[in-house]
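Notes for the one structure printed next.
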Amino acid sequence: MAEAVTIRPTFAWRYRKVLLGGLAIVLFFAAWQAVFLVVPFDPLFISKPNLIFAGLVDLVDSGDLFHDLAVSAVPFFLGLGAAVLIGVPLGIVMGWRVRVGYALDPLMTVFYASPLVALSPLLVIFFGVGVAGKAIIVFVLSVFPFIFNAYAGVRAVDRLLINVVRSLGGGEWDLYRKVIFPSVLPYIVAGARIAVGRALIGVLVGEFFAASEGIGYAIARFGDLFALDRMFACILVIMAIAVVLTEGIRWAERAAFPWRIGQ
Amino acid sequence: MAGYIQGRNVSLTFRPPNRTPVRALGGFDIDVEEGEFLSIVGPSGCGKSTFLNVLLGLTKPDSGEVLMHGKPIGGPGSDRAMVFQEFGLLPWRTVQHNIELGLELKRVAAEKRRAVAERLITLVGLTGFDQHYPHELSGGMKQRVGLARALATDPDVLLMDEPFAALDAQTRDLMQAELLRIWREARKTVLFVTHQIDEAIYLSDRVMVMSKRPGRAKKIFAIKLPRPREYEMRVTPEFNDLKLEIWNTLKDEIVV
């Protein structure tokens, strides 16, 4: 009996962070639902959680949702992959080769700080409405967090470790492999968290402008058709994906870089 | 007879951008015999660490020459290894892989590296910690790893740049005794830079006092205490006389 008394508060205490966070989400949807008890509900302008949920079930049942997600995933991962492959080496070289850094820093800052999403119509005109156009929009939006985080990571490399490797006979390539890249890796993963959000925006915007399938297209079309329940269902799915991806990266960070915990 | 390590009239001025140049070394001379334990004490900023970096091959002097086996030092080489004050361990590597670093850079095969690391882990008293990361170790243990890493490539000369300065007083006393034990087994020439006169006397065959910046050799004291050294020797009149003598030589150089 004494056990039962002690265990229950421990559970609530242990998971208080998750429980409180979850409670806020539940309250948000409950309030959304409840508001229409006093405010007149017009399905042409707004939807509410019970209808959205029904719409979501419908989209899942018909298989449309997964089809659209699969279509959108292709340019998302192509663009993001290219952003890693180009952004990381560029950022590292900018950080390690001082003159390259001086030369490119202002230009890259201008690009990073500006609303590049405004270039999307132009990119669609250049590269078409297919996978390539969308992948390039994703790339343009998500490459800069990789560049700048890798750049910052290199500048934060402990000079002592450089001297250690040099003193043991390591050359330039050894410095990259044994010190610079491992030091920069956590910065790159932190950059990936930002980049993923921007890449999602890239996919959606690309599909808003010109597409015949994909989740962004679905959102735009359901909006045009005043099927707001389905539109919101798609938006919620995108939100959930964004949360899963960024939290997944955060979790991977803790698992992969145990030495960072103490820092 | 030519010394094992010779520094002749070594001068070096640092020229940091937008700041006044700093003359770290000015006409520094040194002779180190093979197998000896030589400590260098001097005021802060007198260039003692700078000289170790020159000897290590990371820094080039403006003038003068530094010879080892009669040949000028052209860069880092596996006949010398440094133990750093701030340890310099790679945080993403386990104890074992930190120790293997130098061998890895020399492209030594994995099994051979592991064998060397295992032997050194035992030698420095880290048995059972081979798979730990540096952030899981105490300061004393970190420096044991630093020492093992320096010994891994089997250098002839061990350069130690205030290796125990970041440790608390008791750990420091223990590490000094440990170093003497390891030195007896590994038989290296040691150049040991420190601020602590006690430490220098206790460990060394000779103690060099350096002048304030730009650093020169001011005076060298031969330490005639018998080996193996015991902790009790630190409270003998002989030890204290030496300490006072070295302090009197050093104190004029210290600028507060």
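Where a number appears in this text, it was derived from the coordinates with a stated rule and is not lab data. The model shown is predicted, which means the values in this text are computed figures rather than measured ones. Every residue, glycine as well, gets a Cβ built from its backbone with ideal geometry; the counts of neighbours run over all protein chains shown.
Each of B:Val32, A:Val98, B:Val41, A:Val88 was scored by other Cβ atoms within 10 Å of its Cβ. Listed from fewest to most, they are A:Val98, B:Val32, A:Val88, B:Val41.
One quarter of the convex hull surface, Cα atoms only: what value does that give for the stretch A:1-116 in nm²?
The Cα convex hull of the stretch A:1-116, projected and averaged over all directions, gives 15.9 nm².
For the stretch B:1-131, the ratio of Cα radius of gyration to the globular rule of thumb 2.2 N^0.38 Å stands at 1.27. In the stretch B:58-177, the ratio of gyration radius to Kirkwood radius, Rg to Rh, stands at 1.00 when only Cα atoms are counted.
Charges were assigned to the Cβ only: +1 to each Lys and Arg, -1 to each Asp and Glu. The resulting dipole of the stretch B:78-174 about its Cα centre is roughly 300 debye.
Counting other beta carbons within 10 Å of each Cβ, put B:Met141, B:Met160 in order, fewest first.
Details: B:Met141 20, B:Met160 25.
The fewest-first ordering by Cβ neighbours comes to B:Met141, B:Met160.
Overall, chain A carries a charge dipole of about 1220 debye about its Cα centre when +1 sits on the Cβ of Lys and Arg and -1 on the Cβ of Asp and Glu, all other atoms neutral. Top mean-square fluctuation among B:Lys48, B:Lys188, B:Lys218, Gaussian network model of chain B, C-alpha springs under 10 Å? Its mean-square fluctuation being the largest, the pick is B:Lys218. In plain terms, if you count all Cα to Cα distances in the stretch A:161-263 and split them into 10 Å steps from zero, the share in each step is 13, 29, 22, 16, 12, 6, 1 percent. List the residue ranges in chain A for DSSP H helices whose C-alpha atoms run 15 angstrom or more along the long axis and whose Kyte-Doolittle average is 0.5 or above. In chain A, the long hydrophobic H runs are A:16-35, A:49-62, A:64-96, A:98-113, A:131-155, A:181-209, A:228-256.
The alpha-carbon of B:Lys106 sits under 20 angstrom from the alpha-carbons of these aspartates and glutamates, leaving out residues fewer than 8 places away in its chain: A:Glu172, A:Asp174, B:Asp79, B:Glu118, B:Asp154, B:Asp156.
Stretching B:Glu118 away from B:Asp252 to a fully extended chain increases their span by 43.6 nm, per 0.36 nm per residue minus the current alpha-carbon distance.
What is the list of residues in the stretch A:207-245 whose amide nitrogen lies under 17 Å from a point 7 angstrom out from the Cα of A:Phe28, following Cα to Cβ? Taking a point 7 Å out along Cα→Cβ of A:Phe28, the residues of the stretch A:207-245 whose backbone N falls under 17 Å are A:232-245.
Would you work out if the protein assembly as shown is rounded, prolate or oblate? Take a ≥ b ≥ c from the square roots of the eigenvalues of the alpha-carbon gyration tensor; rounded if a/c is under 1.5, else prolate when a/b is larger than b/c, oblate otherwise. The shape class here is prolate. Computed on the Cα atoms alone, the convex hull of the stretch A:82-200 gives a volume of 101 cubic angstrom per residue. Our compactness index for the stretch B:124-256, the C-alpha radius of gyration over the empirical 2.2 N^0.38 Å, is 1.13. For chain B, the orientation-averaged shadow of the C-alpha convex hull comes to 14.8 nm² (one quarter of the hull surface). Of A:Ile235, B:Ile201, the sequence from fewest to most neighbouring Cβ atoms within 10 angstrom is A:Ile235, B:Ile201.
Considering only A:Ala227, A:Ala199, A:Ala113, the mean-square fluctuation computed in a Gaussian network model of chain A, springs between alpha carbons under 10 angstrom, is largest for A:Ala113.
Where the centre of each part is set by its Cα atoms, how far does the stretch A:81-131 sit from the stretch B:69-84, in angstrom? Taking the Cα centre of the stretch B:69-84 as reference, the centre of the stretch A:81-131 is 44 Å away.
For chain A, the alpha carbon positions stretch 73, 70, 30 Å along the principal axes, listed from largest to smallest. For chain A, modelled as a GNM whose springs connect Cα atoms under 10 angstrom apart, the maximal fluctuation among A:Phe127, A:Phe36, A:Phe53 occurs at A:Phe36.
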